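The values are calculated or read from the model by the stated rules, or taken from the named source; none is laboratory data. Here the structure is a predicted model, which is why all the values come from computation and not from measurement. Please note: Cβ atoms are built from the backbone with ideal geometry, for glycine as well, and neighbour counts cover all protein chains shown.
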Ligand code: PMP
């Protein structure tokens, strides 16, 4: 359940024609070694529908120029469309103002921006930063870098055997030295949906700002940054059917204004002399150089595409796939699902007794099935379960039940080959 009261389990799929939606995705017609592609690596990167590909082509063929720099026709169009994309993101996350949306190159870049802009300015020796066992490396390593530079300390929230955060332990970590919380909204390795509203409210009792890594939440849950009240919210376009190379940082305006810039260069300045540079206002202060204009416009088109279907309907449909796949995998002897939280998105991490995940991925690939194998950039999660890696099937709204059947048959083939 998120701050808007929405849980994928309580929504309905409505009257969406999912087959018709699937037909929007040209890549899904591919054959791999003669076998139809079954794409279950959506948590790493989702696929792009024709509508967004067309939008990118239209930009490149009729609208491209650099932005903010000229009065000619193309520059004005590109500047306007770039701004419209920002406004679409503002609406998508329900931010109060468009200047609270910063374009970044992705989730990782957005977290690094906050680390440099906020952390390096405000975190001092002896301060404590709370992270969780579920974090992606992107929300661990920047804070470790900061901690070692400043002499600050990282405190970690443990998880239980289902892969859920131990909230009581989280609350016990707070003290007067706590200065920042980095919190993953949905675990990429396990699918666990974290109770971010409760955790944000608790941190705010200590006046501690919270950054939410929403990379895996934005494609599946309704985001309302005002209702959730987190201080920063970040995600990437490429997990939302958009292009690679672009993502966003939402930050409360007062915090963004107080922060120092991350990168210096063009557009992030109001004036420059060799004696002194005066920085531009937000969001420009954090968007040095030519931004990913085409990708940002594609990001905006992706938001239009997803909101036209409805994130709640998407989540409800994906949840039917999750329930079906969970039941099927639970019936196969030797298969163990890692991550069984009560609130999950459509991600299934699993192991097969006696078979290394990389071997599983290799054999499934021969059947055209794309799953991810490895530590999923979440090594502390693997360490917690005492395993080197898992295989992960992550579903999107363009997947279908028959593909889950193909996965189940593929897993049985893997077992025949190796056992
Ligand atoms: N956080 C989470 C939870 C993720 O799943 C990912 C992508 N796997 C990232 C951060 C990093 O995203 P990006 O590579 O787009 O910066």
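From the list 105, 75, which residue is out of contact with any helix residue (DSSP H, G or I) (no Cβ under 8 Å at 6 or more places or on another chain), within 16 Å of the ligand (Cβ to nearest atom) and in the same structural domain as residue 145 (by TED's automatic domain parsing)?
Just one listed residue meets the conditions, 105.
Of everything in segment 164-198, what is under 17 Å from residue 232 (Cβ atoms) and either surrounded by 24 or more Cβ atoms within 10 Å (Cβ to Cβ) or within 16 Å of the ligand (Cβ to nearest atom) (or both)? Give them in sequence order.
Our first condition is that a residue be under 17 Å from residue 232 (Cβ atoms); within segment 164-198, this holds for 178-186, 194, 196-197.
Listed by number, the residues that qualify are 180, 181, 182, 183, 184, 185, 186, 194, 196.
Among the residues of segment 113-127, write down those that are away from the ligand (no atom under 16 Å from the Cβ) and either surrounded by 23 or more Cβ atoms within 10 Å (Cβ to Cβ) or part of a strand (DSSP E or B) (or both).
117, 118, 119
State yes or no: is residue 28 crowded, with 16+ Cβ neighbours inside 10 Å, within 16 Å of the ligand (Cβ to nearest atom) and not in a loop (DSSP other than H, G, I, E, B)?
Values: crowded, with 16+ Cβ neighbours inside 10 Å: yes; within 16 Å of the ligand (Cβ to nearest atom): no; not in a loop (DSSP other than H, G, I, E, B): yes.
For residue 28, the condition - crowded, with 16+ Cβ neighbours inside 10 Å, within 16 Å of the ligand (Cβ to nearest atom) and not in a loop (DSSP other than H, G, I, E, B) - is not met.
For residue 110, indicate whether it is within 18 Å of the chain's Cα centre (by Cα), in the same structural domain as residue 288 (by TED's automatic domain parsing) and either surrounded by 23 or more Cβ atoms within 10 Å (Cβ to Cβ) or part of a helix (DSSP H, G or I) (or both).
yes
Each row is one residue, and each column tells you yes or no for (1) out of contact with any helix residue (DSSP H, G or I) (no Cβ under 7 Å at 6 or more places or on another chain); (2) farther than 26 Å from residue 296 by Cβ; (3) in a strand (DSSP E or B).
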site	(1), (2), (3)
60	no, no, no
83	yes, no, no
89	no, no, no
129	no, yes, yes
142	no, no, no
154	no, yes, yes
163	yes, yes, no
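Which members of segment 325-338 meet the condition of being touching a strand residue (DSSP E or B) at 6+ places or on another chain (Cβ under 6 Å) and under 24 Å from residue 313 (Cβ atoms)?
Within segment 325-338, just 325 meets the criteria.
Determine whether residue 203 is surrounded by fewer than 18 Cβ atoms within 10 Å (Cβ to Cβ) and away from the ligand (no atom under 14 Å from the Cβ).
No.
Going by the conditions given, is residue 151 surrounded by 15 or more Cβ atoms within 10 Å (Cβ to Cβ) and either within 16 Å of the ligand (Cβ to nearest atom) or assigned by TED's automatic domain parsing to the domain that holds residue 108 (or both)?
So residue 151 does not fit the description; no.
Could you pull out every one of the helices (runs of 4 or more DSSP H) wholly within segment 195-286 that has 3 or more residues that are out of contact with any helix residue (DSSP H, G or I) (no Cβ under 7 Å at 6 or more places or on another chain)?
Of the helices (runs of 4 or more DSSP H) lying wholly inside segment 195-286, those with at least 3 residues that are out of contact with any helix residue (DSSP H, G or I) (no Cβ under 7 Å at 6 or more places or on another chain) span 196-205, 253-258.
When residues of segment 24-63 are filtered for being farther than 26 Å from residue 322 by Cα and over 23 Å from the mean Cα position of the chain (by Cα), how many remain?
10
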